Amino acid sequence: MEKIYLDHASAMPIDPRVLEFTSKYLKGLGNPSSLHSVGLEAKRAIEGAKGKVADLINAESERTIIFTSCATESNNLGIKGTALRNAGKGKKVVTSAIEHMSVLNPMKELQKNGFELTIVPVDSNGMVDLEELESALTKNTTVTSIMYANNEIGTVEPIKEIGELVHEKGLYLHVDGTAAAGHIPIDVQKDGIDLLTLSSNDLYGPQGAGALYVKPGVVLQPVLPGGGQERGLRSGTENLFSIAGMGEAARIAKNEMEKESGRMLKIRDELIEKILEIEESHLTGHPKKRLPHHASFRFSRIEGESILLNMDTTYGIQVATGSACSSKTLEPSHVLLAIGLKHEEAHGSMVLTLGRSNTPEQVPTIVNGVKETVQRLREISPL
Amino acid sequence: MAQIGYSEKVMKHFMNPRNVGTIDNPDGYGKVGNPVCGDLMEMFIKVEDDVITDIKFRTFGCGSAIATSSMVTEMAKGMHIDEAIKITRADVADELEGLPPQKMHCSNLAADALRAAIRDYLARKEKRAKG
């Protein structure tokens with residue numbers, strides 16, 4: 001059975017061109033901090049990668065890019081590093097109810113340590129409530145963190161408007177761009193972004209690298225102090241293989257985004273149209289303002305983990321779910337609850353995220369798999 | 001192919017559950033769980049001379065919820081109710097060659113559903129005896 005991978009929001013395969021480019025760095029090329037010629041070559045590889053990542057998001061220069069180990073680390077640095085360093089200017093922080101745990105949990109940690117945290121609600125499509133956001137902001141708000149797009153429901157937030165609101169009263173806007181980068185254009189200068197989190201793997205790069213864009217003039221402190229790499233903001237010897245790979249992945253993403261997103265958008269729309277033919281099926285997230293590769297649903301009367309298992313085992317199709325049974329906390333996805341779903345509704349969710357390997361020819365197989373899976377599980381269900 | 005730590009036997013029962021459905025005029029009926037928590041099970045039994053002659057279930061829930069329901073019906077069919085009422089969650093999990101630790105509680109309600117059906121049968125029987 002040919003596998004059809006539809007879980008690109010969880011993990012992406014490394015693009016073969018990226019692997020080809022960066023595999024030489026696996027052999028080891030010296031320490032970028034060393035002053036000799038071998039170290040210099042490593043340093044240049046990192047600088048090259050910074051330039052490519054900066055290009056993807058139209059950053060002012062490659063000096064704005066700090067490499068980390070993953071998006072979680074970038075979110076922690078962007079939020080805690082900035083809030084702690086600027087605590088003299090205020091101790092208020094703001095975020096939304098649908099952020100990734102690597103945003104919500106650092107925010108809650110700040111709260112435990114004396115910061116005042118406001119979590120702004122979203123509407124039933126997952127759009128951040130701008131009025132609530134505006135009323136949460138004060139001159140003492142140092143860090144506001146809102147994601148560019150949501151990984152579970154695909155909704156794209158109005159970041160430019162949010163940036164304007166934040167800068168009217170507060171200090172810095174941090175944006176988690178992990179789910180959006182490489183799929184829709186991000187322009188940190190036009191969008192008014194002060195700090196932006198990116199992940200290598202979400203750009204078809206190797207796991208083990210993330211990046212934080214830091215706008216010139218923004219001050220923050222490290223969450224991992226040490227030998228002073230990455231302008232003192234992220235110590236530790238650089239993961240050359242992953243970082244060089246992330247740079248190349250960013251370069252390819254920038255070149256191919258427009259064409260590739262257009263291609264996936266057509267597949268996505270066909271999937272949404274056909275899957276919504278199923279009785280009692282609903283789209284989750286915004287119907288229009290959504291990521292081009294993202295189709296997410298909920299089906300009443302059945303449960304998501306059994307959808308996932310059935311799709312994988314019977315049809316070779318890998319999907320994701322926000323059901324409690326798939327989580328470590330045994331609670332349904334906080335994102336689905338934040339858009340107003342009841343627990344029993346959130347249990348029946350299924351998320352499809354397309355990637356470079358997916359083709360329009362796969363649509364009938366996917367749709368058939370979903371239809372038969374929903375039917376089989378409903379036949380077993382007492383509801 | 002085993003996913004999220006499920007044994008092959010769990011997957012077998014999930015993919016091909018035994019005794020799915022309902023029984024008209026059952027001698028005993030049990031319902032446990034709650035859709036809010038993500039698991040709901042219904043168990044129907046037919047009993048002759050205190051032996052379970054037929055058993056059916058319907059389940060809303062994850063893979064292990066469906067597999068444990070199927071497993072318990074297979075274990076209980078043909079069994080005397082005095083024995084069947086003693087089937088525990090652990091017995092079902094053992095029979096399935098184990099469940100992942102996080103599934104031992106929330107999705108392992110099948111033995112409870114069976115017990116609820118047997119208690120319902122016993123209550124009806126007692127009521128009839130009292131006339």
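Quick notes on this one:
- Looking across the range B:94-113, the residues that are hydrophobic (A, V, I, L, M, F, W, C) and either under 14 Å from B:Met41 (Cα atoms) or crowded, with 22+ Cβ neighbours inside 10 Å (or both) come down to B:Leu96, B:Leu99, B:Cys106, B:Leu109, B:Ala110, B:Ala111, B:Ala113.
- Residue list for the range A:29-50, filter: surrounded by fewer than 17 Cβ atoms within 10 Å (Cβ to Cβ) and in a helix (DSSP H, G or I): A:Ser37, A:Val38, A:Gly39, A:Leu40, A:Glu41, A:Arg44, A:Glu47, A:Gly48
- Residue that is under 14 Å from A:Gly177 (Cα atoms), in contact with a Leu (Cβ under 9 Å, 6 or more places away or on another chain) and among the aliphatic types (A, V, I, L, M), where the choices are A:Ile159, A:Ile119: A:Ile159
- Condition check for A:Ile302: aliphatic (A, V, I, L, M) and under 16 Å from A:Glu344 (Cα atoms): yes
- Applying the condition of being out of contact with any Gly (no Cβ under 6 Å at 6 or more places or on another chain) and in contact (Cβ under 8 Å) with a residue 60 or more places away in the chain to the range B:96-106 and asking which residue is farthest from B:Ser70 (Cα to Cα) yields B:Cys106.
- Each residue in the range B:24-70 was checked for being out of contact with any Ser or Thr (no Cβ under 8 Å at 6 or more places or on another chain), more than 14 Å from chain A (Cβ to nearest Cβ) and not in a loop (DSSP other than H, G, I, E, B), and 7 of them qualify.
- Among the numbered conditions (1) surrounded by fewer than 24 Cβ atoms within 10 Å (Cβ to Cβ); (2) under 21 Å from the mean Cα position of the chain (by Cα); (3) under 27 Å from A:Ile14 (Cα atoms), the only one that A:Leu291 does not meet is (1).
- Residue check, A:Asp55 out of contact with any strand residue (DSSP E or B) (no Cβ under 8 Å at 6 or more places or on another chain) and of a type in the set (Asp, Glu): yes
- Of the residues A:Leu26, A:Leu104, A:Leu84, the single one that is part of a helix (DSSP H, G or I) and either closer than 24 Å to A:Ser261 by Cβ or within 18 Å of the chain's Cα centre (by Cα) (or both) is A:Leu104.
- Strands (runs of 3 or more DSSP E) fully within the range A:162-236 counting 1 or more residues that are among the acidic types (Asp, Glu), in contact with a helix residue (DSSP H, G or I) (Cβ under 9 Å, 6 or more places away or on another chain) and touching a residue at least 60 places away in the same chain (Cβ under 8 Å): A:172-176
- Residue ID - farthest from the chain's Cα centre (by Cα), chosen from residues in the range B:1-23 that are small (Gly, Ala, Ser) and within 10 Å of chain A (Cβ to nearest Cβ): B:Ala2
- All told, A:Ser135 falls short of being under 30 Å from A:His282 (Cα atoms) and either modelled with pLDDT under 95 or assigned to a helix (DSSP H, G or I) (or both).
- Subset of the range A:1-28 [surrounded by 16 or more Cβ atoms within 10 Å (Cβ to Cβ) and farther than 23 Å from A:Arg356 by Cα]: A:Tyr25
- Assessment of the range A:259-278 against the conditions (charged (D, E, K, R), closer than 15 Å to A:Pro292 by Cβ and crowded, with 22+ Cβ neighbours inside 10 Å) yields at least one matching residue.
- Checking each residue in the range A:78-113 for being among the basic types (Lys, Arg), without any contact (Cβ under 8 Å) to a residue 40 or more places away in the chain and under 20 Å from A:Glu132 (Cβ atoms) picks out only A:Lys108.
- Residue match in the range A:249-259 (condition: free of Cβ contacts under 8 Å to residues at least 60 places away in the same chain, within 14 Å of chain B (Cβ to nearest Cβ) and out of contact with any strand residue (DSSP E or B) (no Cβ under 6 Å at 6 or more places or on another chain)): no
- A:Ile243 being more than 19 Å from A:Ser69 (Cβ to Cβ) and either without any contact (Cβ under 8 Å) to a residue 12 or more places away in the chain or among the β-branched types (Val, Ile, Thr) (or both): no
- Among the conditions (1) surrounded by fewer than 21 Cβ atoms within 10 Å (Cβ to Cβ); (2) without any contact (Cβ under 8 Å) to a residue 60 or more places away in the chain, B:Phe57 misses just one, which is (1).
- Filtering the range B:89-113 to residues that are away from chain A (no Cβ under 14 Å) and part of a helix (DSSP H, G or I) leaves B:Arg89, B:Ala90, B:Asp91, B:Val92, B:Ala93, B:Asp94, B:Glu95, B:Ala111, B:Asp112.
- Unmet requirement for A:Glu379, which otherwise passes all of (1) in a helix (DSSP H, G or I); (2) among the charged types (D, E, K, R); (3) surrounded by fewer than 18 Cβ atoms within 10 Å (Cβ to Cβ); (4) touching a residue at least 24 places away in the same chain (Cβ under 8 Å): (4)
- Applying a threshold of 6 Å to beta carbon distances and a minimum spacing of six or more residues, or different chains, the list of pairs starting in the range A:286-298 at a residue that is in the same structural domain as A:Thr359 (by TED's automatic domain parsing) and within 14 Å of A:Asp7 (Cα to Cα) and ending at one that is hydroxyl-bearing (Ser, Thr, Tyr) and part of a loop (DSSP other than H, G, I, E, B) reads A:Ser296/A:Thr284.
The values are calculated or read from the model by the stated rules, or taken from the named source; none is laboratory data. All figures in this text were calculated on a predicted structure; none of them were measured in a lab. We place every Cβ from the backbone using ideal geometry, glycine too, and count neighbours over all the protein chains shown.
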